[in-house]
Structures are given as structure tokens and as C-alpha cells.
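Here's the structure we're looking at; comments come further down.
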Amino acid sequence: MSDRTEFRFAGSGGQGLILAGIILADAAAIYENKNAVQTQSYGPEARGGSSKSEVIISDSPIEYPKATMVDYMVTLTQESFTKYIKDVKDSGIVIADKELVTDFSNARGKLYLVDMVKSAREELGKLLGLNIIALGVLVELSGIVSHESIEQALMKRVPKGFEDYNKKAIEIGFRLAKEIKKQ
Amino acid sequence: MAKNIKLMQGNEAIAEGAVIAGCDFFAGYPITPSSEVAEILSSKLPKIGKVFLQMEDEIAALGAVLGAALGGAKALTATSGPGMSLKQEHIGYASMCEIPCVIINVMRGGPSTGLPTLPAQGDVMQAKWGTHGDHAIIAITPSSVNESLYETIRAFNLAVKYRTPVLILTDEIIGHMREKVVIPDKSDIEIIDVKLPGVPPEKYNPYNYTSGEVTPLAPMGEGYRYHVTGLIHGETGFPSQKTDVIQNAQNWLMDKIYKNIKDIEKFEEFQTEDADILLVAYGSTSRSSRQAIMMARSAGIKAGMFRPITIWPFPDEQISALSKKIKKILVPEMNMGQVIFEVQRNACGSSVYGLNVVNGEPITPDQIYEKIKEISKI
């Protein structure tokens, strides 16, 4: 149980965070032969509302599939930050978008404010791919899977014609995380 | 990599298992949290020459499935709570007419529309008693994505073998979570196919209540003509009110399942050998239970688990045997107490405790561990 690493992607329905979780789980389970379980939780709405996607990665079999002691959390809305931060460990790492999250009154763990939206806007030209940037940040910060594995898993799920766009997005994430590490 | 390993959702694994089992026909009406089963089969089945039908509601969906099955198809539908309530009349019809079919219920919170996106285990008794009249049913509760695939194949086999509806009760957690699945080669697994009767049409009776053998269901259109009715019927299929026919028909509906229980039962025991506390848990709750048992054992409390995989017919014999040596039993369920009554019925002098959490979240290992600690002090 102790080698469980718990990831939580929290945001709003439609931001693609469930997909980000699936790609991370796929990279760990298929390309690195670890155990991985991905779950999600959302309300009855098709868009909007708080949603979260969780990934547990472990070398041992994973029984309880949900996160209870979160090691890494990335949040892309204020609502989800406030709602889902309570399970973050004291030693946990929280990555919040610098523009989208501004109220840190119930913050836990080590908080990093990262310019994910700004980078998407400036370097990708739109917010599509914000989920992949967030995924890149988490992978680089946690070192849970290699760049190669996550890129393979990413390419498997990306629609034709969007390979380069997504490759660029994940690399933005890697770079942003490297900048954090220097802090 | 020799093995074909994929990361997939529980619902996807059910669809995959159905295709491997030779599912010819799916009819359904989408409902959260089961919709992925329909969605995936709507793409897969037509590509291999099989049929996918979206019907106007859940009642019609099971009606279409039963029609297809009478035509010799291996047929499937998938739904959740509200849809399961609607299907009850046709489940009775399938039992009465002995029409094989597989029904997936990805359980969500209820009653009524309840909690569409959140898990529960509130439909276990409905699976057994939901439709009126005495009948036996087979229901299976997988606890992982991998098991969802293999148990779907087994469900099709049991449906054909015993000419009965077989229910798979998963829940929102198992249905929506993704984990590794080992996709089997068809050559490595047993598949029971629909076969023609061994007698010519003029000698065929669609039912047999006394031989102990399940009569093959002759597919409509193969020259075998017979009557199908939800009225109590004799071995020719025509209605009857003769007392001996009625009694034989009723006995048969129970006997064909209960007298073959050794073939139908399936369960797992985890650290029961030296256990002082026995957990009886199924589906996603068994995962939390296993983790709680490991926590308890590290703290010096000897706990173990009996996990029914076939939940109906209920594993009376095993619970009864275990309760002779383990005097404290805990039944954690995401409902207000259903399987606990079956356990109490079988417990030979053991104390049976429940842990009932119905708040839209899965029961956590911590909650179960706390209860184990509490019981260990009694």
C-alpha cells in the first residue's frame, strides 16, 4: 500500500481532465508495466460542474481504486481547487493554474502556481490542449513515468492531425514543471 | 509482449467479453452509468455482421433481446437502476419461457432516478425478487475490470446452458474505472454455443420438466414450431392448469438452477484459514475489504474474506461452513442491508454485523478497518 502514488486532476466538465487521467494510467499500465487504476467522478451535467479524474499507480495490486491521500493534484478551476484539495497529503504537491485559481484559503501541501492557461494561449493559440499541458506538468514533476511512455500513450489517444499540437502541449507542460523545480 | 493487455473501462470489458462470447444481438436504451456498453457495441457489432438496436425504452429493449434469443441469437442488454425496474416484467417472461439472455445492471444510487453518476449496491435483492412469482435467477458480481470481461463470457455460457436470464451486477465504480485487462485468445476459453435439438421437429418439445436435462431451445426459423407463452405451460409449450403440470413447471424453474449449483457457483476466499473475523463482500466493496483486511492483519487482527462472484444462487453452503469456525462476520455493502440477511440466514451461531454506507461514495478501506477493530473488541 505504501508504494501507491495518487494523482488527482480536478476541474470542470469538458476540460479534458478525465482523458488526461486515462493517458497517465495507460502510460503506467501498458508502457511501464505497473499497476494503474483510473477513476472519475462527475455530476449529471454534460458540461460544467466540478469533475475529477484520479489515477493510482503502484507496483503492487491496487485494491481501493480512489484517491484518499493525494500525492499530486492539478486544478484548473477555483471551485474544484476548493472542493477537492482536502485529501492532499501534507507532503503532497498541488499545481494550480495561476489565472484560474486565486483563493487559497484552504490550501494544503506544497502549492505551485503555474501559467498553464497563459502558455496555452500564447504558445498554442487556444486553450485546447490545456489538459495535456497539465498532464505534462504532473509527469515531469512526479517522474512517475518516462517522457517516452507518456508520449506513446498520448499519441494513441490523439485524433489524426493533432499529433504535433499535442506533442507541443505536453512539452510545454514538461518545461513549466522544470521551471518549478528550479524554484 | 505475448499477452494482449489493454487498459480499459469495466463497461468496455463487458462489451469486449460479449463479443468474445459470440454475442449476436444487443438491444438497449442508454442510461448512465451503463451507456458505454451500448456505445461500444453500437460500433463493434455491426462491423462483425451482428445486430445493434437502440430501442424506445428499456422494456422494449429486453423484449427485442428475448425475440432475438428465440431466433437463436446470443443476446444482451445493459442498463442501470431505473431501466432495471422497467425490465422486470420481461425478466419474468424470460424465466417462465426459459429464454437465454444476459442483462447487465451497472448499479447506481436509487430508488428512482437516484444518483445517476454515483455508485451503489442497492439492486442485489431486486435481482432475485424483482419480478413476480417463484423463479430462480443467476446473478454475477464482478469486482474488477478484468473479471468483468471473463464473467460476461461465463454469463453467456450459463444463459445458454440453463436457458435462463443471467444478470451481471456491477456498479458505477467497476463500470467506469479503468485498469488492466488480459484479452484472451478465443482458443483459450470455453464458449457454449446455441445448438439445435437432437430430435427432428415433429418430435421436439420445447420444455422438459422431469428428465433433469435442459432441453435445447430450438431457434425459430429452423423448422421447429412451438408455442411460447408466459402462462404456465406444459412440455409442448401450450398453457396448462393441470396441478401436476403446474407443480412440475414450478419445480423445474428452481431445480434447473439449484440442482446445478456446483456448476454455477463461483467464489473466492481470501485469508479465511485462520480468520477470527470473516468479511462477506462483493463487487467494488470487496476491493476495499481486501485492503482493510491487510490493514487489520498488520495490526494483529486476523480477518479474512469470502467473496461471492456468483451471488445468486447464494453460496449458502460455503457461508454456513465458514460460520461454523468463524464466529464474527461483517457484511459491508453500499446499501442499507441486503446480502446481510442471506448471511444471517446461513450463519450457524455467528454474530453478523453490517456496515452500510450509502452516500454516493464507495466504502473506504478505513471505514471497514474501523468496523473490524470495533468488532474485534466485542
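What follows is calculated from the coordinates using simple rules that are stated; it is not laboratory data. These numbers come from a predicted model, not from an experiment. Glycine also receives a Cβ, built like all others from the backbone with ideal geometry; neighbour counts cover every protein chain displayed.
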Rg in Å to one decimal, and Dmax rounded to a whole Å, for the protein assembly as shown via C-alpha atoms: 25.4, 87
Principal axis box of segment B:4-188, alpha-carbon based, largest edge first, Å: 44, 36, 28
Length-normalised contact order for chain B - Cα pairs under 8 Å, 6+ apart - percent: 16
Burial order of peptide ranges B:163-176, B:105-118 (average beta-carbon count within 10 Å, highest first): B:163-176, B:105-118
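Could you work out, residue by residue across A:51-63, how many beta carbons of other chains sit within 10 Å of that residue's beta carbon, and then give the average as an integer? If you can, show how the numbers build up before the last one.
Values: counts 1, 0, 0, 1, 1, 2, 0, 0, 0, 0, 5, 6, 13.
That works out to 2 on average.
With 10 angstrom as the radius, rank B:K87, A:K86 by how many other C-beta atoms surround their C-beta, starting from the fewest.
Final ranking by Cβ density, sparse to dense: A:K86, B:K87.
Provide a whole-number value for the mean count of partner chain Cβ atoms within 10 Å of the Cβ atoms in peptide A:8-17. Write out the running numbers ahead of the final one.
Numbers: counts 0, 0, 0, 0, 0, 0, 0, 0, 0, 0.
Partner-chain Cβ atoms within 10 Å, mean over residues of A:8-17: 0.
So for segment B:168-299, Kirkwood radius off the Cα pairs, Stokes-Einstein at 4 °C and 1.567 mPa s: how many µm² s⁻¹? Could you put the intermediate results ahead of the total?
On the way: Rh = 19.8 Å.
Result for D is 66 µm²/s.
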Fraction of the pair-distance distribution of chain B above 27 Å, Cα-Cα pairs, percent: 48
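From the alpha carbon gyration tensor of segment B:262-350, can you work out the equivalent ellipsoid semi-axes (sqrt of 5 times each eigenvalue) and give them in Å, largest to smallest? Spell out each step's value before the answer.
Working: eigenvalues 73, 43, 31 Å².
Here the semi-axes work out to 19, 15, 12 Å.
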Placed amide H near A:D115: partners under 5 Å, 5+ positions off or other chain: A:K98
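Add -39500 (n - 2.57) for each DSSP H run of 4 or more in the protein assembly as shown, then divide by its residues: what number comes out at 222 nm, to the nearest 500 deg cm²/dmol? Let's see the in-between values first.
Working: 19 runs with 214 residues, N = 561.
Mean residue ellipticity at 222 nm (helix-derived): -11500 deg cm²/dmol.
Fewest to most neighbouring Cβ within 10 Å: what's the order for B:S148, B:S187, B:S376, B:S143?
On the way: B:S148 31, B:S187 5, B:S376 16, B:S143 26.
Final ranking by Cβ density, sparse to dense: B:S187, B:S376, B:S143, B:S148.
Just flag the GluC sites (Glu not before Pro) in segment B:1-82 sitting in loop per DSSP whose Cβ has no more than 12 other Cβ atoms within 10 Å.
On the way: sites: B:E12, B:E16, B:E36, B:E39, B:E56, B:E58; in loops: B:E56.
The qualifying sites are B:E56.
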Cα-based reach from A:K98 at 12 Å (exclusive), listing aspartates and glutamates while leaving out same-chain residues under 8 positions away: A:D115
Cα point-scatterer Debye curve for segment A:5-182, base-10 log of I(q)/I(0) at q = 0.10, 0.11, 0.17 Å⁻¹: -0.33, -0.40, -1.03
Entries in B:K195/B:K259; A:K52/B:K328; B:K128/B:K371; A:K52/B:K371; A:K110/A:K160 that, when Cα-Cα distance is taken, lie over 30 Å: A:K52/B:K328; A:K110/A:K160
Neighbour-count order for A:F162, A:F9, fewest beta carbons within 10 angstrom listed first: A:F162, A:F9
